[in-house]
Amino acid sequence: MARVLPGTAPQVVAQTPLEPSSATAWIEAHYEELRGQWVAVRLKEPALVASASTLSQLLAAIDPAELKACLVQYVYTLDQEQHVRSPWWQR
């Protein structure tokens, strides 16, 4: 059986989500130099935090607290952009 401790009720504060459009625009502006890499770009005041060839390497290179304020995205190579794959259920 749970006990309720006396005191004030906890306050729930709604956090406004960060808007990813500025980070997405930053990635688009630097797309050519980032091709074939996983990137983490800061959502507020966009800048490259880290880049790596695999997602595992990227996640290992970034502090988890800093990662919460980043947009993580893979930047396709030219070959990947030109090769359109059908969904797995149509193969």
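Could you count how many residues in region 46-78 are of a type in the set (D, E, K, R) and touching a residue at least 12 places away in the same chain (Cβ under 8 Å)?
Total meeting the criteria: 1.
Quick one: how many residues across region 22-46 are farther than 13 Å from GLN73 by Cβ, surrounded by 10 or more Cβ atoms within 10 Å (Cβ to Cβ) and not basic (Lys, Arg)?
Selection size over region 22-46: 3.
Could you grab me the full set of residues in region 51-61 that are more than 11 Å from the chain's Cα centre (by Cα) and either assigned to a helix (DSSP H, G or I) or buried (at least 16 other Cβ atoms within 10 Å of the Cβ) (or both)?
Within region 51-61, SER51, ALA52, SER56, GLN57, ALA60, ALA61 qualify.
Regarding region 8-20, can at least one residue be identified that is part of a loop (DSSP other than H, G, I, E, B), at pLDDT 85 or above and not acidic (Asp, Glu)?
yes
The values are calculated or read from the model by the stated rules, or taken from the named source; none is laboratory data. All values reported here derive from a predicted model rather than from experimental measurement. Don't worry about glycine lacking a Cβ; one is built from the backbone with ideal geometry, like all the others, and counts go over all protein chains shown.
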